[in-house]
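Heads up: the structure comes next, in C-alpha cells.
The values are calculated or read from the model by the stated rules, or taken from the named source; none is laboratory data. Since the structure is predicted, the reported quantities are computational estimates derived from the model, not experimental observations. As a convention, Cβ positions derive from the backbone with ideal geometry for all residues, glycine included, and neighbour counts pool all protein chains shown. All accessible areas refer to the heavy atoms of the entire protein, side chains included, with ligands and DNA or RNA removed. Shrake-Rupley method; radii C 1.70, N 1.55, O 1.52, S 1.80 Å.
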Amino acid sequence: MRRMALGVSLLLAASHAAAAAAAGFAALVSPPRFDLTSRSGATVRQVFELTNRSAAPAKFRVHTADFTLGADYSVAFQDELQPDSCRPWVAIERPEVALPGGGTIRYRFEVQVPKDAPAGECRFGVLIEGEEPAVAQSGALRLPVVGRIGIIVYVIVGEAKPQIEVFGPQVVTLKRPEGAGAARAQRRDCTTRA
C-alpha cells in the first residue's frame, strides 16, 4: 500500500512539474494547417508565422516529420522517413530560429512535386520545438520538458480526390428529462472522417 501511495504521489508531482515547465515553451504559429494543391513538376510555396510569446529570447528547432492519424483522431509524428513519404520533396527555410521576446518571423517552406509524381496526397508535418528542454522541478523531482507544435500540411497532387466516409445522424440524450418539456438532446447531422 505504501508503494502504491508513493507511486501516485510521484505521478502527481510529475504532472504538476510538467505543467509548470510547459509554460516555458511559449511559441505561437499561424496558420496551424495548410490544404494545398499542386501538379506534377510544379513547386508550391507557403509561409507561416512563428511568434515567441515569451518576454525572454528563445531558440526553436524546425524540421519535418511524417504523421499518422489514430482511430481516436490523435496525431503521431514520426521523425524517421516512412514508406511513400513525400518529405524528400519539402524544403524548409532553415533548421533553427532565434527570436527575441515577443518577436515574430515569417517562415518559408516549399514542396517541389517531381515530374513523375502520380496523382495522390502528400502529407507531412512541420514541427517547431524548443531548442533546449526546460527543467521542471517539484521538490526533489526534476523532469526535462520539451514543447512541440506541429503544423499539418496536405498537398493534393493532380486530380486526386479525398476519400471521406460520412456517418450519422445520431441522437444522444445529454440529460434525462426532469419535467414536462425539459428533455435535452443533441443531434449530430453528420460527421466526416478522412
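Taking 0.36 nm per residue of sequence separation and subtracting the Cα-Cα distance, how much length would be gained by fully extending the chain between A76 and V171, in nm to one decimal? Please report the intermediate quantities before stating the final value.
Numbers: separation 95, 0.36 × 95 = 34.20 nm, distance 3.10 nm.
That pair, A76 and V171, stretches by 31.1 nm at full extension.
Around G41, with a cut-off of 11 angstrom between Cβ atoms, what is the net charge of the other residues, counting Lys and Arg +1 and Asp and Glu -1? Neighbourhood net charge equals +1.
Derived scalar couplings between HN and Hα for region 55-61 equal 6, 8, x, 9, 10, 10, 9 Hz in order, rounded to whole Hz, by the Karplus curve 6.51 cos²θ - 1.76 cosθ + 1.60 (θ = phi - 60°), x for Gly and Pro. Under the simplified labelling scheme, the A119-Q137 pair shows an inter-label distance of 6.1 nm, with each label point 7 Å from Cα along Cα→Cβ. Under 5 Å from the amide H of A117 lie the amide H atoms of G41, each residue being 5 or more positions distant or on a separate chain, with H modelled from the backbone and absent for Pro and chain starts. Under 17 Å from a label point set 7 Å out along the Cα-to-Cβ vector of K59, the amide N atoms of region 109-147 belong to 128-135, 145-147.
Each listed q (0.14, 0.19, 0.24 Å⁻¹) maps to a log10 I(q)/I(0) for region 48-141, found by the Debye formula over equal Cα scatterers with no solvent: -0.69, -1.02, -1.23.
Each residue of region 75-88 is assigned a 3J(HN,Hα), and the resulting list reads 10, 10, 8, 10, 6, 6, 5, 8, x, 6, 5, 9, 4, x Hz, derived from the Karplus form 6.51 cos²θ - 1.76 cosθ + 1.60 (θ = phi - 60°), x at Gly and Pro.
Straight-line cross-link partners of K161 among the lysines, defined as a Cα under 22 Å from its Cα and at least 8 positions apart when in the same chain: K115.
Note that region 82-141 presents 56 Å² accessible area per residue, ligands and nucleic acids not counted, probe 1.4 Å. Working ranking of peptides 134-141, 151-158 by packing, defined as the average number of other Cβ atoms within 10 Å per residue, highest first, is 151-158, 134-141.
For L143, the solvent-accessible surface with a 1.4 Å probe is about 50 Å², rounded to the nearest 10. Across region 139-146, rounded Karplus estimates of 3J(HN,Hα) from the backbone phi angles (6.51 cos²θ - 1.76 cosθ + 1.60, θ = phi - 60°) give x, 8, 7, 10, 10, x, 10, 10 Hz, Gly and Pro being marked x.
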